[in-house]
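A.B. asks: Below are the structure tokens for one structure; questions will follow.
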Amino acid sequence: MTRADFPPRHVAIILDGNGRWARQRGLPRLMGHRAGVDNILPTAEALDRSGVRYLTLYAFSTENWSRPRVEIAALLALLSRRIDREVRACHRLNFRLAHIGRLDRLTGKLRQKIEAAVELTKDNTGLTLCLAFDYGGRGEMIQAAKRVIGSGIADAGIDEMVLGQHLLTHDMPDPDLIIRTGGELRLSNFLLWQAAYSELYFTPALWPDFDQEEVEKALADYERRHRRFGGL
């Protein structure tokens, strides 16, 4: 049994509670999504100051396409409007931006903006901020398996390392800590392979309310953990 290394190298967050945040205030759901977008950079900065080197945010799952079309259209429009400003801020902070998930179902304009953000910041040396958008863990594993098969590797040569090298997160360490806001107690198809030995932290705080104090509470809880990795 080993004490958790501190700070965690990679933190991943399931962003949940935007709609409830808005409903509690008698606001349209889109206002909750706006508040959620507003909270991304402050949270990234707080974790960066704490020494975290990778932050992955689960912003939109493959299953979220089943939501009402009006809400999806509004969310995509919000992201398209805000991405340029947020990217400039991240670039000034020396953050490296990354994306995991599908791009083919996004509008051409939004896809180009995401690709341009990744290209612009690729040589930055600070926090890696990865957006999981139109992402699903099961789909990622299926695609990784197909890539392994397509590479011609013999069955005997396929192991965890080989499969891991074909995942979308092949250039990042597995998350040490996965946080879910909003009070739900599940992973919702997020980083299923990578989460094998992640520490899990669930908080009732809604994502727009996940502030500096909430970040510190999550990190303090993680620091008290003992990570066994299957051992004693």
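The values are calculated or read from the model by the stated rules, or taken from the named source; none is laboratory data. Predicted model, so just to flag it, every value in this text is computed and none were measured. Every residue, glycine among them, receives a Cβ derived from its backbone with ideal geometry; neighbour counts consider all protein chains shown.
A.B. asks: So if I check each of 97, 75, which one is within 23 Å of residue 122 (Cα to Cα) and of a type in the set (A, V, I, L, M, F, W, C)? Please lay out each step first, then the result.
C.D. replies: On the way: 75 fails: within 23 Å of residue 122 (Cα to Cα).
Result: 97 is the single residue among 97, 75 that is within 23 Å of residue 122 (Cα to Cα) and of a type in the set (A, V, I, L, M, F, W, C).
A.B. asks: State which residue is modelled with the highest pLDDT when the search covers only segment 82-99 and only residues that are basic (Lys, Arg) and within 18 Å of residue 132 (Cα to Cα).
C.D. replies: Step by step, filter segment 82-99, then rank; the result is 96.
A.B. asks: Shifting gears a bit: In segment 17-37, what residues are surrounded by fewer than 23 Cβ atoms within 10 Å (Cβ to Cβ) and within 17 Å of residue 132 (Cα to Cα)?
C.D. replies: 37
A.B. asks: So, one more: Residue 47: within 17 Å of the chain's Cα centre (by Cα), over 23 Å from residue 31 (Cα atoms) and in contact (Cβ under 8 Å) with a residue 60 or more places away in the chain, yes or no?
C.D. replies: So residue 47 fits the description; yes.
A.B. asks: Give me the pairs: first residue in segment 17-43 and touching a residue at least 12 places away in the same chain (Cβ under 8 Å), second residue of a type in the set (S, T, N, Q) and assigned to a loop (DSSP other than H, G, I, E, B), beta-carbon distance under 9 Å, and six or more apart or on different chains, which are they?
C.D. replies: 17/181
A.B. asks: Just to be sure before I move on: is residue 47 in contact with a Leu (Cβ under 7 Å, 6 or more places away or on another chain), under 22 Å from residue 168 (Cα atoms) and of a type in the set (A, V, I, L, M, F, W, C) in the structure I sent?
C.D. replies: no
A.B. asks: Okay, moving on. Pairs only if they're at least six apart or on different chains, beta carbon under 9 angstrom, first in segment 100-126 and free of Cβ contacts under 8 Å to residues at least 40 places away in the same chain, second among the aromatic types (Phe, Trp, Tyr) and surrounded by 15 or more Cβ atoms within 10 Å (Cβ to Cβ); list them, first residue then second.
C.D. replies: 103/133; 106/133; 114/133; 121/95; 124/95
A.B. asks: Okay, next question. Counting only residues that are buried (at least 22 other Cβ atoms within 10 Å of the Cβ) and either among the β-branched types (Val, Ile, Thr) or modelled with pLDDT under 95 (or both), how many does segment 1-16 have?
C.D. replies: Looking only at that region, the number is 3.
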